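Structure first, then comments.
The values are calculated or read from the model by the stated rules, or taken from the named source; none is laboratory data. Computed from a predicted structure; not experimentally measured. Heads up, the Cβs are rebuilt from the backbone with ideal geometry, glycines too, and the neighbour counts pull from every protein chain shown. These area figures cover heavy atoms from the full protein model, side chains too; ligands, DNA and RNA do not enter into them. Shrake-Rupley method; radii C 1.70, N 1.55, O 1.52, S 1.80 Å.
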Amino acid sequence: MRVKSKIGLLLFSIALISFSSCATTKNATSTQTEKKINKTQKYDLEEQFISEISNISIESLEIPKPVIKGRNFKSDFKSIVKNAEGNPVANFPVQLKFPISKVDGKIEYSTLLLHTSEDGTISFNPESTSFSCDTFIELTPAIPETLNIEYKKLTEAVAAKTLKQSIKIKSDIINKGAVLFVWEHNEKGRPTSNSYTMLSELRRNGVALIGNAPVSDTSFIGKPLKELYDANYEVIGGTMYGYLLYGTIKFEVPVTKVDDGYTCTLVAEIVGIDMKNGETTLTTSVSCTATGSNWNNCVSNCKSELTTSIVNNIIYGL
């Protein structure tokens, strides 16, 4: 009887273990199935949104001309949302990204949620700014907050529908003017002259009040900027001209003979200083390589390309 009791107890234990194991396996299988279902369903809403925006396009209608900082654009930035048939889409949600400030030379942006009007258009005119810039405003299909923006296909689909419109705000150097202390150097590294090429390019870009700094002695090259600023401030004060442009243009690579002519590389290091208070408002560096049929042509081409780039940085960065 004892043996039978032990056998019965053993069979009961085995049955209990089998039932427990079966239940555990069933639960695990059920959990795995749920995970598969959830994984499949997880991005259903994202995929639906991707499908919805696949047939729309955001197109530019109007970009206003550049303005000087502190002034408003004379017209709106305009765009339109169309469907696959080319018809305007009304009440379509669009996220607008636009520049709002500049900190340590870097543009900071903000966003707005807008909806297209009955004719499918978006109009935007930003408030006047206290900074200059050459950047973009961006319009994208607005992603609903319920969607997972970490889903790569979603962000890629939205990026593919993004419209960029150029926004240009010029420095007030246009109306305040500047004095120039930018010395060109020869291939031996010696200063030769205050850059007439840069002076001419600034004038060509609308800076009428421009001339060489009254104190332009080469002994100030390499000295603390405050010394040069103070010396010029004593002569012209802080209101006659808006800025002092300080810097050098040097050969990074001297003129070299190549198969089809000559080549050289010039580098410009420029600092912009507010004449009113001596604060540095711009620090920029540009390097340029150009070619020419002879020495003079090569250097002339390189100076021209270099000053075009550096003046653009000044106009839209100072």
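Listing for the model above:
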item: Hits in segment 49-65 - residues which are surrounded by 14 or more Cβ atoms within 10 Å (Cβ to Cβ) and more than 30 Å from Asp134 (Cα to Cα); result: Phe49, Ile50
item: Of residues in segment 66-82 being farther than 13 Å from Gln165 by Cβ and assigned to a loop (DSSP other than H, G, I, E, B), the one nearest to the chain's Cα centre (by Cα); result: Lys69
item: Residue in segment 5-24 that is surrounded by 11 or more Cβ atoms within 10 Å (Cβ to Cβ), hydrophobic (A, V, I, L, M, F, W, C) and at pLDDT below 95 present; result: no
item: Residue list for segment 204-242, filter: under 12 Å from Gly278 (Cβ atoms), of a type in the set (D, E, K, R) and out of contact with any helix residue (DSSP H, G or I) (no Cβ under 7 Å at 6 or more places or on another chain); result: Lys226, Asp230
item: Output for segment 72-87, where each listed residue is surrounded by 13 or more Cβ atoms within 10 Å (Cβ to Cβ) and among the charged types (D, E, K, R); result: Asp76, Lys78, Lys82
item: Any chance Phe92 is at pLDDT 95 or above, open to solvent by less than 70 Å² (accessible area, probe 1.4 Å) and under 25 Å from Pro144 (Cβ atoms); result: yes
item: Any chance Val207 is part of a strand (DSSP E or B), modelled with pLDDT of 95 or more and of a type in the set (A, V, I, L, M, F, W, C); result: no
item: Residues of segment 306-316 satisfying the condition of being within 17 Å of the chain's Cα centre (by Cα) and surrounded by fewer than 21 Cβ atoms within 10 Å (Cβ to Cβ); result: Ser309, Asn312, Asn313, Tyr316
item: Count - residues of segment 306-318 that are in contact (Cβ under 8 Å) with a residue 60 or more places away in the chain and small (Gly, Ala, Ser); result: 1
